[in-house]
Amino acid sequence: MSRPVVLQGVGRLGSAILEGWLKTGAVDPADLIILTPSEKPAAEAARALGARINPPLEALADARVFVIGVKPAKWFEASRSILPHLASDAVIVSVMAGVRRETISQGFDGRSIVRIMPTTGVAQAQGVATIWAADAAARAVGEALFAPIAETVHLDDEAAMHAATAVSGCGPAYYFAFTRALAQAGVAEGLTPEAAVRLARATLRSAAAGVEGAEALDALIDRVASPGGVTQAGLLALNENGALDRAVESAVQAAVVKSTELSG
Ligand SMILES: NC(=O)c1ccc[n+]([C@@H]2O[C@H](COP(=O)([O-])OP(=O)(O)OC[C@H]3O[C@@H](n4cnc5c(N)ncnc54)[C@H](OP(=O)(O)O)[C@@H]3O)[C@@H](O)[C@H]2O)c1
């Protein structure tokens, strides 16, 4: 058994991280300590494989990593009783949107911090995770925990976490909203709602498979949109006078503003 990894909070994201770790074996369940106020299916699945749930706090003394998976408004209060039990060399992993390293570090008596912004696709080991840390050791901890369950993207500048959050943290919801709009448009043109939704969802999956390789986005578009063809007509209407570019830019800008606001 190695030094434990503590996960505090098994909500939407905490569950997804846990499922990803169990699926890939990125963290040995025997090395997992889970802190959760209420029973959660993902935590119970981990318990069945040897994880400890809400053990006496003395068990945290050996922890090498402490993952904060609670809401930004909760972390400070949630950490107060934990802090006296944590080793001084424990690395703090924060997946919280917006909360700056300096603030977290103050709350954790100067311990090393790595900030990570993952998507819930980590549950299927298909997430994307932006990583920023001030020191290389903390960055390496983040990479070791998230590379098995996500494509990891490292940032040099903490301030860019807002933009990364706005692009990839929020991004799945943008794609789902676009998929819903595509289905609605299909219904408006005569498809049944069931056929339209199935087509739109399957097209999202199919497009995602197409983007797996390294081919440039423009080349991927060109593969579908032959000059003078049907797709090209659709694309021209979609981005008439830059409407699509502007809509996406506004969405990302609004999310950056909100993320900055939340970071206080
Ligand atoms: N959801 C996402 O896609 C996403 C993406 C990127 C980042 N994030 C970040 O991830 C964090 C969690 O977000 P979420 O969407 O997963 O929220 P959530 O579903 O509300 O989960 C938060 C969890 O924290 C638990 N909790 C509250 N107090 C606790 C304590 N003292 N000790 C241990 N656990 C405690 C809650 O337990 P109970 O259920 O028992 O109340 C809840 O399950 C946030 O900071 C958010 O910014 C989320």
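Values quoted throughout were computed directly from the atomic coordinates according to the rules given, and no laboratory measurement underlies them. These numbers were taken from a predicted model, which means no experiment stands behind them. FYI the Cβ positions are ideal-geometry reconstructions off the backbone, even for glycines, and counts take in every protein chain you see.
Just how large is the dipole of the stretch 171-262 about the Cα centre, in debye to the nearest 20, putting +1 at every Lys and Arg Cβ and -1 at every Asp and Glu Cβ?
320
Mind jotting down the distance between the C-alpha centroids of the stretch 229-248 and the stretch 79-150, whole Å?
Spelled out, the Cα-based centre of one part sits 39 Å from the other.
Which whole-number percent of Cα pairs in the stretch 5-156 have a distance greater than 24 Å?
Percentage above 24 Å: 23.
Sequence gap at least 6, Cα distance under 8 Å: using those rules, report the relative contact order of the chain to the nearest whole percent.
Relative contact order here is 15 percent.
With a cap of 12 neighbouring Cβ atoms within 10 Å, and only residues DSSP puts in a loop, list the GluC sites (Glu not before Pro) found in the stretch 160-219.
Those satisfying the criteria are Glu189, Glu212, Glu215.
Along the charge dipole of the stretch 171-262, pointing to its positive end and built from +1/-1 on Cβ of Lys, Arg, Asp and Glu, which listed residue (Leu244, Gly171, Ala233) has its Cα farthest out?
Looking along the dipole axis, the top candidate is Gly171.
Given a Förster distance of 45 Å, report the FRET efficiency between Arg205 and Glu77 from their Cβ-Cβ distance, rounded to the nearest 0.05.
Calculated value: 0.65.
Taking 0.36 nm per residue of sequence separation and subtracting the Cα-Cα distance, how much length would be gained by fully extending the chain between Leu155 and Gln253, in nm to one decimal?
Full extension of this stretch gives 33.4 nm more.
Each label point is 7 Å from the Cα along the Cα-to-Cβ direction; what then is the distance between the points at Phe176 and His85, in nm?
Inter-label distance under the simple model: 3.4 nm.
Once Lys and Arg get +1 and Asp and Glu get -1 on their Cβ, which of Leu220, Ile131, Thr192 lies farthest toward the positive end of the dipole of the chain?
Of the options given, the answer is Thr192.
For n ≥ 4 DSSP H runs only, could you compute -39500 (n - 2.57) per run for the chain, divide by its residues and tell me the 222 nm figure to the nearest 500?
Result for the chain, helices only: -14000 deg cm²/dmol.
Which FRET efficiency value, to the nearest 0.05, do you get for Gln106 and Leu220 by plugging their Cβ-Cβ distance into 1/(1 + (r/R0)^6) with R0 = 45 Å?
Efficiency at R0 = 45 Å is approximately 0.50.
How far is helix 193-210 tilted, in degrees, relative to the longest principal axis of the Cα atoms in the chain, given as a value from 0 to 90 rounded to the nearest 10?
The angle comes out at about 70 degrees.
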